[in-house]
Amino acid sequence: MKLEVQKAQSLKPKPEDESKLGFGRIFTDHMLTIEYTAGKGWHDAKIKPYENFSLSPACSVLHYSQTIFEGLKAYRTPSGGINLFRPWDNFKRMNISAERLCIPKIDEEFALEALIELIRLEQDWVPHSEGTSLYIRPTIIATDPFLGVRAGEQYLFYIILSPVGAYYASGLAPVDIYVEDEYVRAVKGGMGFAKTGGNYAASLIAGEIAHKRGFSQVLWLDGVEKKYVEEVGSMNIFFKIRGELYTAPLAGSILPGITRDSIIRLAKDYYGVKVHEERIAIADIFEENEKGGLEEVFGTGTAAVVSPVGGMTWEDKSIKISGGKMGELTSKLYDKLTGIQYGKEKDEFGWIKTL
Ligand SMILES: *Cc1c(COP(=O)(O)O)cnc(C)c1O
């Protein structure tokens, strides 16, 4: 497939104050689009000016949510270069999500080459300040103008780019999380392992309730017994208990985070910490806390990288973790991983694609 490049006539001014970027509100001058038609496959790959789509109101994604997405970042290095972090793993995961949602697979290699081409064109949009980055959002939607419930025959793959601020404007502040005991996000056999809009739509209500009660995130328990910890909002979760790390296994109901995998590798291979990928009951975590064994809790995901958890509330019990401060291992893992991403530390794991 050939990639056609259609440049914008005029360019938008770049944001002047990088401390006010926020998340996902500003978009760059160009986007990538590739179309799919049954019988023809993926075709018409284009980099073109960022613009609104024109879609039929009957379009199947709008009714039945046949859509998947990815999220990764481009980081500015100290020498002014640009790094991508494990981008091939995002396109690989996109194809796993595609399979679950009956969306035709993309050519992972071509998608990565096209993304690199797009970022090269938009390189001035990669911000320079500490903690900022260019967020990359690949998405696929079913575009058939048809109200019947079946897998689409027409799709649009697109990538948009958004300069984003440091996740924590005032440093790494530990978050308070609410353990959801009524609603569930996903069950085995469902689509919890796929990065798809429906999972987020299903999670909004618990998030709204948690926010009203003063919590910033929801910790999901398993959808069957509401007993075992799964993940937090758009992050996987880790518990440090008596010097060892515990996180939920990839058993179909949680998203296989690339940050999760990187943290496991760093903890094991770099810091020599034992990591257990196994089911952990929320009751056991609260009990360990009583006994003084619960040392640190943190979430992992592309947006925040590593997010320390300072408190947890489950039913009528509230606990403080690491005295409400960021734990020592959490801090080391955060520094190491962001150091690799921003090109300040050696990439010993082969995770970086330099542009
Ligand atoms: C994207 C996502 C994550 C984190 O995945 P990363 O690859 O680390 O960014 C975790 N949980 C959910 C539900 C997600 O959508």
Subtracting the Cα-Cα distance from 0.36 nm times the residue separation, let me have the gained length for Arg137 to Ile319 in nm, one decimal.
62.0 nm
If a/c stays under 1.5 just call it rounded; otherwise compare a/b with b/c (prolate if a/b is bigger, oblate if not). Do that for region 1-70, with a ≥ b ≥ c from the square roots of the Cα gyration tensor eigenvalues.
oblate
Could you give the alpha-carbon Rg of region 146-201 over 2.2 N^0.38 Å, rounded to two decimals?
1.76
Give the Rg (one decimal place) followed by the Dmax (whole number) of region 203-271, computed from C-alpha coordinates and expressed in Å.
13.6, 41
With a ≥ b ≥ c taken as the square roots of the eigenvalues of the C-alpha gyration tensor of region 3-164, please select rounded if a/c is under 1.5 and otherwise prolate if a/b is larger than b/c or oblate if it is not?
prolate
Mean Cβ count within 10 Å, highest first, over the residues of peptides 324-333, 98-107:
324-333, 98-107
What ranking, highest mean first, results for peptides 344-351, 186-193 when packing means the other Cβ atoms within 10 Å averaged over each residue?
186-193, 344-351
Count charges around Ala45 for me, please; just the other residues with Cβ under 11 Å from its Cβ, Lys/Arg as +1, Asp/Glu as -1.
-3
Summing -39500 (n - 2.57) over the DSSP H runs of n ≥ 4 in the chain and dividing by its residue number, what mean residue ellipticity at 222 nm do you reach, to the nearest 500 deg cm²/dmol?
-7000 deg cm²/dmol
Please state the relative contact order of the chain as a whole percent: Cα pairs under 8 Å, 6+ residues apart?
18 percent
Over the chain: Kirkwood hydrodynamic radius from C-alpha pairwise inverse distances, Å
21.4 Å
Computed about the Cα centre, the charge dipole of region 175-346 from +1 Lys/Arg and -1 Asp/Glu charges at the Cβ has a magnitude in debye, to the nearest 20, of 560 debye
Highest mean first, what order results for 235-242, 210-217, 6-13, 272-279 on Cβ atoms within 10 Å?
235-242, 210-217, 272-279, 6-13
Which of rounded, prolate or oblate describes region 178-324 when judged by the alpha-carbon gyration tensor and an a/c cut-off of 1.5?
oblate
Can you compute log10 of I(q)/I(0) for region 30-120 with the Debye formula, treating each Cα as one identical point scatterer, at q = 0.14, 0.16, 0.24 Å⁻¹?
-0.62, -0.80, -1.49
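Over 21 Å, how big is the tail of the calculated P(r) for region 70-136, in percent of all Cα pairs?
The proportion of pairs with Cα distances above 21 Å equals 30 percent.
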17 Å reach of a label modelled at Glu328, 7 Å along Cα-to-Cβ, counting backbone N of region 278-318:
292-298
Taking 7 Å along the Cα-to-C-beta vector as the label spot, tell me the Arg265-Asn95 distance in nanometres, rounded to one decimal.
1.8 nm
Under 8 Å for C-alpha pairs, at least 6 residues apart: give me the relative contact order for region 204-281, rounded to a whole percent.
25 percent
Under 10 Å, Cα contacts only: if you run a Gaussian network model on the chain, which one of Arg25, Arg76, Arg260 comes out with the highest mean-square fluctuation?
Arg25
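The numbers here are math on the coordinates, done by the rules we state, and not lab data. Values in this document were obtained by computation on a predicted structure and should not be read as measured data. As a convention, Cβ positions derive from the backbone with ideal geometry for all residues, glycine included, and neighbour counts pool all protein chains shown.
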